[in-house]
Amino acid sequence: MLALTSATGKLGSAVLDAILENKLIEESKLVVCTSSDPSDKRFDALRERKITVRYNNFDEPESLKRAFTGCSKLFLVSTPRISMDYNNAPLWAGREAHHRAAIEAAIEAGVKHVYYTSLAFANPSKAGVMRAHIRTEMYLNDLADQGRIDYTIIREGLYNESWPLYFGYYFGLQDENRQEVIVATGDGPISWTAIADMAFGTAKIITAPSDAWKEKTLYLAQRKTWSLEDIARLVSKFQCRDIHLKIVSRKEYEDHYVASGIERASVEWWSTTYDALRDGECDIKDDTLEKLLQEAGRKPKTLDETIAKMLNREGGSHTAA
């Protein structure tokens, strides 16, 4: 059986959809783990398909063990509680604490293989967002060396749908008074990748025989890149107004967004992302995803398409990922 965490989140739900739409595993062999009430009516459709729904909470280790019991594989989506990482959180105080709790519970429950979703940055990385991921990856590697668990690290590309977050600090899609000048503190080539494409690749990997991807670290991202400057040009085009990207120092960047009302610890944590972009950490050359998509007769969705839809040029809604 395969346990899926965060199956109601953006990536997790897309992975579940990809598994079901492509019939990659018997539905009765799926366990959907949620921090919500499993008896909620929104899970009725899953139960009708013989999919098991169980409660799990990173803060409740016993719930994790119960959720994973009877499963041989675990798809572990990193926790979204990013505030744990703020202020240079020491080891086991950041989000990796949640990940370790889930991995330890999985081992106790008899899980043999953990598939962990990391991010498509380098290792080592200058990005603070990678700190918890790298610590989790190292922990899994240590456990594998001890013969306690098998693992696969899936470094998911930066979501096409998340461009507003990187383009400054959440470009206001609905703000009619939004600025014409977007402040950032670095730029570089980014292998933006649509959630649906990553989800398909992820679904193929986690449902394949365990040995196929055992002890591998791979990137799921398209190789074509767009910079933040490219995004400025695309947004200008689709909104018929000039949007300019302004690169400033780290301190200027942090002061700018703190002045706009964002918590300083959050801005300081996020600002390191641009050092990584400047170093080309998100210029991904791994062709794993493109090969998986090609085998299915698909091509990666471009960032242009996503931005157009999100800016309502193709009937899409103004929703930032």
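The values are calculated or read from the model by the stated rules, or taken from the named source; none is laboratory data. All values reported here derive from a predicted model rather than from experimental measurement. Reconstructed Cβ throughout: ideal geometry from the backbone, glycine too, with neighbour counts over all protein chains shown.
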> Which numbered condition trips up Met198, out of (1) touching a Phe, Trp or Tyr at 6+ places or on another chain (Cβ under 7 Å); (2) within 30 Å of Glu305 (Cβ to Cβ); (3) crowded, with 18+ Cβ neighbours inside 10 Å?
Replying inline: (1)
>> Where the second residue is part of a helix (DSSP H, G or I) and of a type in the set (Phe, Trp, Tyr) and the first is touching a residue at least 24 places away in the same chain (Cβ under 8 Å) and lies in region 10-30, which pairs have Cβ atoms under 7 Å and are six or more apart or on separate chains?
In response: Ala18/Phe200
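Out of Gly70, Gly12, I need the residue that is in contact with a helix residue (DSSP H, G or I) (Cβ under 9 Å, 6 or more places away or on another chain), modelled with pLDDT of 95 or more and buried (at least 16 other Cβ atoms within 10 Å of the Cβ). Which one?
Gly12
Here are some residues: Ser78, Ser35, Ser83. Which one is touching a strand residue (DSSP E or B) at 6+ places or on another chain (Cβ under 7 Å), within 28 Å of Ser266 (Cβ to Cβ) and surrounded by fewer than 19 Cβ atoms within 10 Å (Cβ to Cβ)? So that I can check it myself, show each step before the final result.
On the way: Ser78 fails: surrounded by fewer than 19 Cβ atoms within 10 Å (Cβ to Cβ); Ser83 fails: touching a strand residue (DSSP E or B) at 6+ places or on another chain (Cβ under 7 Å).
Only one candidate passes the filter, namely Ser35.
Within region 235-255, which residues are of a type in the set (D, E, K, R), part of a helix (DSSP H, G or I) and either within 14 Å of Asp275 (Cβ to Cβ) or out of contact with any Ser or Thr (no Cβ under 9 Å at 6 or more places or on another chain) (or both)?
Here is the first cut: in region 235-255, the residues of a type in the set (D, E, K, R) are 237, 241-242, 246, 250-252, 254-255.
Among the residues that remain, those that are also part of a helix (DSSP H, G or I) are: 237, 250-252, 254-255.
Passing the criteria: Lys237, Arg250, Lys251, Glu254, Asp255.
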> So which residues in region 86-124 are closer than 27 Å to Ala212 by Cβ and of a type in the set (Phe, Trp, Tyr)?
Replying inline: Tyr115, Tyr116, Phe121
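Check Thr117, Thr5 and return the single one that is β-branched (Val, Ile, Thr), under 15 Å from Thr207 (Cα atoms) and out of contact with any Ser or Thr (no Cβ under 8 Å at 6 or more places or on another chain). Write out each step before concluding.
Details: Thr117 fails: out of contact with any Ser or Thr (no Cβ under 8 Å at 6 or more places or on another chain).
Just a single option satisfies the conditions, and that option is Thr5.
If you check Tyr115 against the conditions, is it among the aromatic types (Phe, Trp, Tyr) and either surrounded by 23 or more Cβ atoms within 10 Å (Cβ to Cβ) or closer than 15 Å to Ala3 by Cβ (or both)?
Numbers: among the aromatic types (Phe, Trp, Tyr): yes; either surrounded by 23 or more Cβ atoms within 10 Å (Cβ to Cβ) or closer than 15 Å to Ala3 by Cβ (or both): yes.
So Tyr115 fits the description; yes.
Out of region 135-152, which residues are buried (at least 21 other Cβ atoms within 10 Å of the Cβ), more than 12 Å from His113 (Cβ to Cβ) and in contact with a Leu (Cβ under 7 Å, 6 or more places away or on another chain)?
Going through region 135-152, the residues buried (at least 21 other Cβ atoms within 10 Å of the Cβ) turn out to be 136, 140, 151-152.
Now restrict to residues that are more than 12 Å from His113 (Cβ to Cβ): 136.
Correct list: empty.
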>> What pairs come out if I take residues in region 289-313 that are more than 12 Å from Trp163 (Cβ to Cβ) and pair them with residues that are part of a helix (DSSP H, G or I) whose C-beta lies under 6 Å away, six or more apart or interchain?
In response: Leu289/Gly201; Leu292/Gly201; Leu292/Lys204; Pro300/Asp197; Lys301/Asp197; Arg313/Phe238
>> Here are the criteria: (1) touching a helix residue (DSSP H, G or I) at 6+ places or on another chain (Cβ under 9 Å); (2) without any contact (Cβ under 8 Å) to a residue 24 or more places away in the chain. Tell me which single one Asp211 does not satisfy.
In response: (1)
> With (1) within 22 Å of the chain's Cα centre (by Cα); (2) part of a loop (DSSP other than H, G, I, E, B); (3) of a type outside the set (Phe, Trp, Tyr) as the list, and Met84 as the residue in question, which single condition is left unmet?
Replying inline: (2)
>> So, Ala3, is that one buried (at least 21 other Cβ atoms within 10 Å of the Cβ), of a type outside the set (Asp, Glu), under 19 Å from Ser210 (Cα atoms) and touching a residue at least 24 places away in the same chain (Cβ under 8 Å) or not?
In response: yes
>> Quick check on region 168-188: of everything there that is in a loop (DSSP other than H, G, I, E, B) and buried (at least 17 other Cβ atoms within 10 Å of the Cβ), which residue is modelled with the lowest pLDDT?
In response: Phe171
>> Condition first: over 25 Å from Gly188 (Cβ atoms) and either without any contact (Cβ under 8 Å) to a residue 60 or more places away in the chain or part of a loop (DSSP other than H, G, I, E, B) (or both). Now tell me which residues in region 107-135 satisfy that.
In response: Ile107, Glu108, Ala109, Gly110, Val111, Lys112, Val114, Tyr116
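Looking for something under 30 Å from Glu305 (Cβ atoms) and touching a Gly at 6+ places or on another chain (Cβ under 7 Å) - is there at least one such residue anywhere in region 235-246?
The first filter runs over region 235-246 and keeps only residues under 30 Å from Glu305 (Cβ atoms), leaving 235-246.
Pick out the ones that are also touching a Gly at 6+ places or on another chain (Cβ under 7 Å) and you get none.
No, because not a single residue in region 235-246 is under 30 Å from Glu305 (Cβ atoms) and touching a Gly at 6+ places or on another chain (Cβ under 7 Å).
I'm trying to understand the selection: among the residues of region 256-297, which are among the charged types (D, E, K, R) and either in a helix (DSSP H, G or I) or touching a helix residue (DSSP H, G or I) at 6+ places or on another chain (Cβ under 7 Å) (or both)? Working first, answer last.
Quick first cut of region 256-297, residues among the charged types (D, E, K, R) only: 263-264, 268, 275, 278-279, 281, 283, 285-287, 290-291, 295.
Arg264, Glu268, Asp275, Arg278, Glu290, Lys291, Glu295, listed by residue number.
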